[in-house]
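Colleague: Following this message is one structure expressed as structure tokens.
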Amino acid sequence: MRLPTRLFAFGAALALLAGCGISVPPDAAATVDDLEISRELLETVVADSLDALFATAEEADTEFTDEQRRQAEEEQQRQLLTLLIQDALITSVAADMGVEVSEVDREAVRTDIVEAVDGEEQLEQLLVQDGLSLSLFDEVLVPQQARVLALREELAAGETLETRTVRHILVETEEEAQEVLDELEAGADFGELAMERSIDTGSGAQGGDLGPAPRGAYVPPFEEAAWEAELGEVVGPVESDFGFHVLEVTDEDSVPADELPPEQLDQLVSEELDQLIVAAYDEADIEVDPAIGTWDEERRAVMPTEPVGEPATPEPDLGDLEGLEDLDELGDPEGEPVEP
């Protein structure tokens with residue numbers, strides 16, 4: 001599974017102190033409404049991250065000049081402060097919904113991640129490759145993932161997911177699809193025709209069966225046809241980027257959220273969860289220490305402070321250090337449309 005890295009929480013390790021909400025206090029790197037993100041916390045996570053980055057460079061016999069090290073530190077300050085601001089927001093959302101996570105929850109998440117990347121050693125290698133530290137993983141990513149899962153379960157409570165089971169025969173031309181329709185009308189077996197004629201060999205070997213899937217699982221216009229068809233109705237030809245389909249809905253179901261696998265549970269509530277986070281960004285009063293950067297509301301990130309009367313200094317090219325995306329290698333995509 002790919003962890004939902006668009007959201008980060010810091011859990012118990014995040015030192016959030018009461019603040020004035022008007023300007024950034026001397027000991028704060030940023031404020032989010034009435035919460036402070038301490039400068040000490042930011043310096044700690046940046047130091048850990050830079051240690052990992054420079055250790056990787058040394059192993060590759062790459063040397064950083066003093067100027068490159070300074071630029072790397074400034075960039076990591078902005079990127080990691082962005083993560084901590086995001087954390088403050090997601091923590092606030094969870095608190096508003098009464099969602100809490102326990103140490104048991106966090107340990108379960110960590111175990112799942114380690115298993116997903118084939119062990120602790122591989123996990124550390126992936127983190128080092130991205131210039132991230134194991135402490136950052138344990139203190140930031142793991143608690144965040146636990147909180148996201150808890151929020152997801154809270155949003156899904158009492159919900160059900162509608163699914164439809166579809167089988168199809170995929171051919172290259174509209175004429176071939178019409179021939180398939182004619183054969184079916186004459187009494188041919190759908191499953192046998194799928195095995196004989198479908199160029200989708202994966203489902204063809206299963207008699208064309210694509211299995212149960214929720215709304216949004218297929219590419220349009222296959223998706224539209226699959227949800228507009230009557231149960232047991234043969235539909236076609238339906239053209240997509242893959243060719244021409246003849247399809248039939250063989251079953252439909254409504255599955256309670258607590259019986260869904262994680263990927264389908266995510267599909268059920270991901271839009272609502274995203275809306276909560278977007279609203280939190282829009283409503284929050286975020287201030288950043290100008291010595292570190294400025295808060296860009298559109299990008300939702302800490303950006304370099306532009307000197308008055310001078311052009312902005314371009315970001316140094318230090319590789320793939322783009323905040324949340326650094327951890328995309330720790331799993332596989334969630335919620336991607338299934339191509340029939």
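Colleague: Which is under 30 Å from GLU175 (Cβ atoms), at pLDDT 55 or above and among the hydrophobic types (A, V, I, L, M, F, W, C), of VAL278, VAL235?
Modeller: Numbers: VAL278 fails: under 30 Å from GLU175 (Cβ atoms).
After applying the criteria, what remains is VAL235.
Colleague: Is there a residue being surrounded by 15 or more Cβ atoms within 10 Å (Cβ to Cβ) and out of contact with any Leu (no Cβ under 8 Å at 6 or more places or on another chain) anywhere in the stretch 227-236? First the steps, then the outcome.
Modeller: As a first pass, look at the stretch 227-236 and keep what is surrounded by 15 or more Cβ atoms within 10 Å (Cβ to Cβ): 227, 229, 234-236.
Checking which are out of contact with any Leu (no Cβ under 8 Å at 6 or more places or on another chain) leaves us with 227.
Yes; the residues of the stretch 227-236 include at least one that is surrounded by 15 or more Cβ atoms within 10 Å (Cβ to Cβ) and out of contact with any Leu (no Cβ under 8 Å at 6 or more places or on another chain).
Colleague: Something else about it: Within the stretch 303-323, can one find any residue that is under 27 Å from the mean Cα position of the chain (by Cα), modelled with pLDDT of 90 or more and in a loop (DSSP other than H, G, I, E, B)? Even if it seems obvious, please write down each step before you answer.
Modeller: If we filter the stretch 303-323 for residues that are under 27 Å from the mean Cα position of the chain (by Cα), which is where we start, we get 303-304, 315-323.
Subsequent filtering for residues that are modelled with pLDDT of 90 or more retains 303-304.
Then keep just the ones that are in a loop (DSSP other than H, G, I, E, B); that gives 304.
Checked against the condition, which is being under 27 Å from the mean Cα position of the chain (by Cα), modelled with pLDDT of 90 or more and in a loop (DSSP other than H, G, I, E, B), the stretch 303-323 yields at least one hit.
Colleague: Go through the stretch 95-144 residue by residue and tally those that are more than 30 Å from ARG69 (Cβ to Cβ) and among the β-branched types (Val, Ile, Thr).
Modeller: Narrowing the stretch 95-144 to residues more than 30 Å from ARG69 (Cβ to Cβ): 95-116, 118-119.
Among the residues that remain, those that are also among the β-branched types (Val, Ile, Thr) are: 99, 101, 104, 109, 111, 113-114.
Total satisfying the criteria: 7.
Colleague: Restricting attention to the stretch 33-83, report how many residues are among the β-branched types (Val, Ile, Thr), surrounded by 19 or more Cβ atoms within 10 Å (Cβ to Cβ) and part of a helix (DSSP H, G or I).
Modeller: Initially, the stretch 33-83 is screened for residues among the β-branched types (Val, Ile, Thr), giving 37, 44-46, 56, 62, 65, 82.
Among the residues that remain, those that are also surrounded by 19 or more Cβ atoms within 10 Å (Cβ to Cβ) are: 37, 45-46, 82.
The next check asks that each one be part of a helix (DSSP H, G or I); those that pass are 45-46, 82.
Qualifying residue count for the region: 3.
Colleague: Continuing with the same structure: Scan the stretch 101-109 and give yes if some residue there is assigned to a loop (DSSP other than H, G, I, E, B) and under 15 Å from ASP48 (Cβ atoms), otherwise no.
Modeller: Residues of the stretch 101-109 assigned to a loop (DSSP other than H, G, I, E, B): 101-102.
If we keep only those that are under 15 Å from ASP48 (Cβ atoms) too, we end up with none.
No; the residues of the stretch 101-109 include none that is assigned to a loop (DSSP other than H, G, I, E, B) and under 15 Å from ASP48 (Cβ atoms).
Colleague: Is it the case that LEU181 is more than 25 Å from ASP251 (Cα to Cα) and either surrounded by fewer than 22 Cβ atoms within 10 Å (Cβ to Cβ) or in contact (Cβ under 8 Å) with a residue 60 or more places away in the chain (or both)? Steps first, answer last, please.
Modeller: Details: more than 25 Å from ASP251 (Cα to Cα): no; either surrounded by fewer than 22 Cβ atoms within 10 Å (Cβ to Cβ) or in contact (Cβ under 8 Å) with a residue 60 or more places away in the chain (or both): yes.
Spelling it out, it is not the case that LEU181 is more than 25 Å from ASP251 (Cα to Cα) and either surrounded by fewer than 22 Cβ atoms within 10 Å (Cβ to Cβ) or in contact (Cβ under 8 Å) with a residue 60 or more places away in the chain (or both).
Colleague: Also, I was wondering about something else. Please indicate, with yes or no, whether at least one residue in the stretch 134-153 is under 34 Å from the mean Cα position of the chain (by Cα) and in the same structural domain as THR250 (by TED's automatic domain parsing). Explain how you work it out, then say what you get.
Modeller: Let us first name the residues in the stretch 134-153 that are under 34 Å from the mean Cα position of the chain (by Cα), namely 134-153.
Next, from what is left, pick out any that are in the same structural domain as THR250 (by TED's automatic domain parsing): none.
Checked the stretch 134-153: no residue is under 34 Å from the mean Cα position of the chain (by Cα) and in the same structural domain as THR250 (by TED's automatic domain parsing).
Colleague: Another question about this same structure. Cβ-Cβ under 8 Å, sequence separation 6+ or interchain: first residue in the stretch 110-130 and within 25 Å of VAL46 (Cα to Cα), partner small (Gly, Ala, Ser) and loosely packed, with under 14 Cβ neighbours inside 10 Å. Which pairs?
Modeller: Correct list of pairs: VAL128/ALA55.
Colleague: Here's something else I'd like to know. Which of the following residues is closer than 30 Å to SER102 by Cα and in contact with a strand residue (DSSP E or B) (Cβ under 8 Å, 6 or more places away or on another chain): LEU161, LEU141, LEU149? Lay out the reasoning, then the answer.
Modeller: On the way: LEU141 fails: in contact with a strand residue (DSSP E or B) (Cβ under 8 Å, 6 or more places away or on another chain); LEU149 fails: in contact with a strand residue (DSSP E or B) (Cβ under 8 Å, 6 or more places away or on another chain).
Within the list LEU161, LEU141, LEU149, the selection yields LEU161.
Colleague: Let me ask something additional. Can you find even one residue in the stretch 202-218 that is touching a Leu at 6+ places or on another chain (Cβ under 7 Å), at pLDDT 90 or above and surrounded by 18 or more Cβ atoms within 10 Å (Cβ to Cβ)? So that I can check it myself, show each step before the final result.
Modeller: Our first condition is that a residue be touching a Leu at 6+ places or on another chain (Cβ under 7 Å); within the stretch 202-218, this holds for 203, 214.
Okay, now just the ones that are also at pLDDT 90 or above, so 203.
Adding the requirement that they be surrounded by 18 or more Cβ atoms within 10 Å (Cβ to Cβ) leaves 203.
Checked the stretch 202-218: at least one residue is touching a Leu at 6+ places or on another chain (Cβ under 7 Å), at pLDDT 90 or above and surrounded by 18 or more Cβ atoms within 10 Å (Cβ to Cβ).
The values are calculated or read from the model by the stated rules, or taken from the named source; none is laboratory data. All values reported here derive from a predicted model rather than from experimental measurement. In this analysis, Cβ positions are derived from the backbone assuming ideal geometry, glycine residues included, and neighbour counts consider all displayed protein chains.
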